[in-house]
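Below you'll find the structure, written out as structure tokens, and then a few comments.
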Amino acid sequence: MEKVGFFRSIHLKFVIIYVLLILVAMQIIGVYFVRQLESTLQENFKDAIEERVNLLSYYVEEQMTKVRLPDEEAPSLEEDIRRLLSDYNSEDISEVRVIEGESLRILGTSDPDNQGVVGGRSTDNLIKMAIATKQPVKEDFVDQGQRIWVLVTPIKNNNGEVNGAIYLVAKIENIYDQMRQINNIFTSGIAIALAITAILGILLAQTVTRPISDMRKQALAMAKGNFSRKVKVYGYDEIGQLAITFNSLTKKLQEAHATTEGERRKLSSVLSYMTDGVIATDRKGRVILINEPAAKMLNVSRETVLSSPIVSLLGLEEEYTFEELLNERDSVILDYSSKTKTLILRANFSVIQKETGFVNGLITVLHDITEQEKIDMERREFVANVSHELRTPLTTMRSYLEALADGAWKDEEIAPNFLDVTQNETERMIRLVNDLLQLSKMDSKDYSLSKDWIDFIFFYNRIIDRFEMTKQQNVTFERRLPDHSAFVEIDKDKLTQVLDNIISNALKYSPEGGKVTFGIEEKDEFIIVSVSDQGVGIPKENIEQIFERFYRVDKARTRKLGGTGLGLAIAKEMVEAHGGKIWAASTEGKGTTISFSLPYVRSEEDDWE
């Protein structure tokens, strides 16, 4: 293959493009910078001159309105003005003249070489225009190749009448001299930057073109059938990844060059199952291929499991041999669950055979069925819980009804108790069915909230008042609530149900003489609502499960108190529907605190106030 010349190489193109981009960028920045700087300097220069002229106008006006008696030895008006103008000889100002109003007589000039004009009459049109319009007049001129700026400012008395004018000639050429110096500095900077950019571009281009050149040499070697050479990896950027992929491609091509027709059939089978984890073995059951999903499912490294037995990799040494796996037609369930993680896989086996019937290997396809198994388990547990919850009161009711049917209804002492128990069990079943309907409604896609802005402090106090008036236990209520309003957007009915469930549980498990504490805390963009009791508490290993459906820590006591095991599960669903979270903290023997958060925008509170 013909060698690429330097002037046609990507190396030179990369450097040229890099330098041109920097040059264009710096030119654009330079033009914008110079224009902005020139405009700013001119504005600052003119503003400074105008401020000095305004101050001079004030002093001149005082001298012009000053009362002078003929017999006084005080300086004349011309002498006072000459004294004022003596301070205005500078590098930026060429000349300052003071002209009297109606007569246009020149009262003084700052130019010591031009004092002959004092007393003469000015004929400058700019002065006439400024006196006539009572407004400052500004004009730019070019005098003998030098740019000057003329400012004529009328001198006004307290009544707004014009007594004269100040005529100033400023040397604005100095600004352009400064700009030329800045342009020279900027040009030098661009030249230095371009030189550095060119050097860096050459070095950067080498880092790009060197691996590409190596890969070109490798491709030429591969074209000649040499697969033993590898491309050197200079880094792990995109080009480095390309080099790694190129080396991997070389290895794959080397393997493909030596494969047989049986390997082709094996590859075809692997490709047909690539959506799941795939493991391929040779005829002795040793792993020769494992894809990434399979490695992740089994939590192994692909390099370490190659050549290891398939039965060892899958953990089936005690149940199967490789020959038995070859004859296995059904799926094998693999349970790799631990205390912290649940993982269940389904393994399907496919034997690779040659046309002669000789076994050439085994393909194992792994499918993660963890979620499916969890759903099936939850469904079975849910059905079992519902069946148990309904069977218990129904069994009790049947026993009492049979007793009543056998004549117990005639006993005036026993019959009312039996009927009372039957009624309580009926109400318990109604509560259970209502809770199930509530959960079913919340699981449906049509579930929606009817939100409104509510002062949660007032809302919370009302609910606490209702429980405090109707409580039957000897329990003290303590409120730790803010003394100001806190408006949140909630569904009032749904949050009432949440608080009813939580407070009811706190009262159920509070001992006689105990205390229930109600709190609200404002944190960032949420308010934290809490209900604490002094009951028996919840064991640490059960604290994360109390919000699951039908879960009870003390099943016997909960059923005795009429609980369905769904209250906190419903509370969790409703709080999360409002965009909040619910959690529990407990110490055995000391009590439990149920807390939940609700979105809270402080600015909304200010609006309501």
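The values are calculated or read from the model by the stated rules, or taken from the named source; none is laboratory data. Everything quoted here is computed from the prediction, not taken from an experiment. FYI the Cβ positions are ideal-geometry reconstructions off the backbone, even for glycines, and counts take in every protein chain you see. To get the accessible areas, we keep the full protein, side chains included, count just its heavy atoms, and leave off ligands, DNA and RNA. Shrake-Rupley method; radii C 1.70, N 1.55, O 1.52, S 1.80 Å.
Using a probe of 1.4 Å on the protein chains alone, the accessible area found for ARG147 is around 90 Å². Determine, from the Cβ-Cβ distance of GLU78 and ARG147 and an R0 of 22 Å, the FRET efficiency 1/(1 + (r/R0)^6), rounded to the nearest 0.05. Taking R0 as 22 Å, the efficiency between GLU78 and ARG147 is 0.10. 3J(HN,Hα) along region 45-51: 4, 5, 5, 5, 4, 5, 5 Hz, from the Karplus curve 6.51 cos²θ - 1.76 cosθ + 1.60 with θ = phi - 60°, whole Hz, x for Gly and Pro.
3J(HN,Hα) couplings calculated from phi for region 484-495 with the Karplus curve 6.51 cos²θ - 1.76 cosθ + 1.60 (θ = phi - 60°) are, in sequence order, 10, 6, 9, 8, 10, 9, 9, 8, 4, 5, 5, 5 Hz; Gly and Pro show x.
Each label was represented as a point 7 Å from its Cα along the Cα-to-Cβ direction; for PHE477 and LYS451 these points are 2.8 nm apart.
The Cα-based radius of gyration and maximum Cα-Cα distance (Dmax) for region 67-181 are 15.6, 57 Å. In this view, the solvent-accessible surface of SER248, computed with a 1.4 Å probe and all protein chains in place, comes to about 60 Å².
Taking all protein chains as shown and a probe of 1.4 angstrom, HIS578 keeps an accessible surface of around 10 Å².
Extension gain for the segment THR426 to THR395, taken as residue separation times 0.36 nm less the Cα-Cα distance, is 10.0 nm to one decimal. In terms of packing, defined here as the mean over residues of other Cβ atoms within 10 angstrom, the peptides 411-418, 93-100 line up highest first as 93-100, 411-418. Under 20 Å of direct C-alpha separation, and excluding same-chain neighbours fewer than eight residues apart, LYS156 reaches these lysines: LYS66, LYS128, LYS134, LYS138. Taking each of LYS451/LYS590; LYS341/LYS572; LYS284/LYS339; LYS540/LYS581; LYS374/LYS523; LYS374/LYS492 in turn, the alpha-carbon distance tops 31 angstrom for LYS451/LYS590; LYS284/LYS339; LYS374/LYS523; LYS374/LYS492.
Residues ARG180, ARG83, ARG329, sorted by accessible area with the largest first, give ARG329, ARG83, ARG180 [1.4 Å probe; ligands and nucleic acids excluded].
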